[in-house]
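> One structure follows; several queries about it will come next.
The values are calculated or read from the model by the stated rules, or taken from the named source; none is laboratory data. Please read these numbers as outputs of a predicted model, since none were measured by experiment. Glycine also receives a Cβ, built like all others from the backbone with ideal geometry; neighbour counts cover every protein chain displayed. With ligands, DNA and RNA removed, areas are computed over all heavy atoms of the protein, side chains included. Shrake-Rupley method; radii C 1.70, N 1.55, O 1.52, S 1.80 Å.
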Amino acid sequence: MYNLLIIDDEPLILESLYQMVLKQKKDQLYLFKATNGLQALELFEKHHIDIMMTDICMPGMDGIRLREIV
């Protein structure tokens, strides 16, 4: 099992991606979701995340900066 973190500041997109992956890969992945880069970093501190799917344009910390930090 792998841990997948989905990050997006648009609630509809975040929930749609989460549900789509959950429906297709629920037996292969543990799913986490975050609405911004800072929340994502908190999840990285608490959990071993194997895969990160992130929006690039987000307020505060964009996906590119988040990738650099991680």
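> On average over all directions, what projected area in square nanometres does the chain have, based on the convex hull of its Cα atoms?
Values: hull surface 16.8 nm².
Over all viewing directions, the chain projects a mean Cα-hull area of 4.2 nm².
> Separate question: What whole-number value in Å² describes the accessible area per residue of the chain for a 1.4 Å probe?
Values: 4820 Å² over 70 residues.
About 69 Å² of surface per residue is accessible.
> Could you please report the charge total around residue 63, scoring K, R as +1 and D, E as -1 over all other residues with beta-carbon less than 12 angstrom from its beta-carbon?
Values: positive: 65, 67; negative: 8, 9, 55, 62, 68.
Taking every other residue near residue 63 into account, the sum is -3.
> Label points 7 Å out from Cα along the Cβ direction at residue 50 and residue 24: separation in nm?
In this crude label model, residue 50 to residue 24 measures out at 1.7 nm.
> Quick one: net charge of residue 8's neighbours, Cβ under 14 Å, K/R +1, D/E -1?
-4
> Around residue 36, with a cut-off of 12 angstrom between Cβ atoms, what is the net charge of the other residues, counting Lys and Arg +1 and Asp and Glu -1?
Values: positive: 33, 65; negative: 8, 9, 10, 42, 55, 62.
With Lys, Arg at +1 and Asp, Glu at -1, the net is -4.
> How large is the dipole of the chain about the Cα centre if only Lys and Arg carry +1 and Asp and Glu carry -1, each at its Cβ, rounded to the nearest 20 debye?
260 debye
> Using a probe of 1.4 angstrom, how much of the accessible area of the chain is carbon and sulfur, in percent? Before the final figure, lay out each step's value.
On the way: 2660 of 4820 Å².
Solvent-exposed carbon and sulfur of the chain make up 55 percent of the total.
> A further question follows. What residues qualify as long-range amide H neighbours of residue 3, i.e. H under 5 Å apart, gap of 5 or more or another chain, H built at 1.01 Å from N?
30, 50, 51
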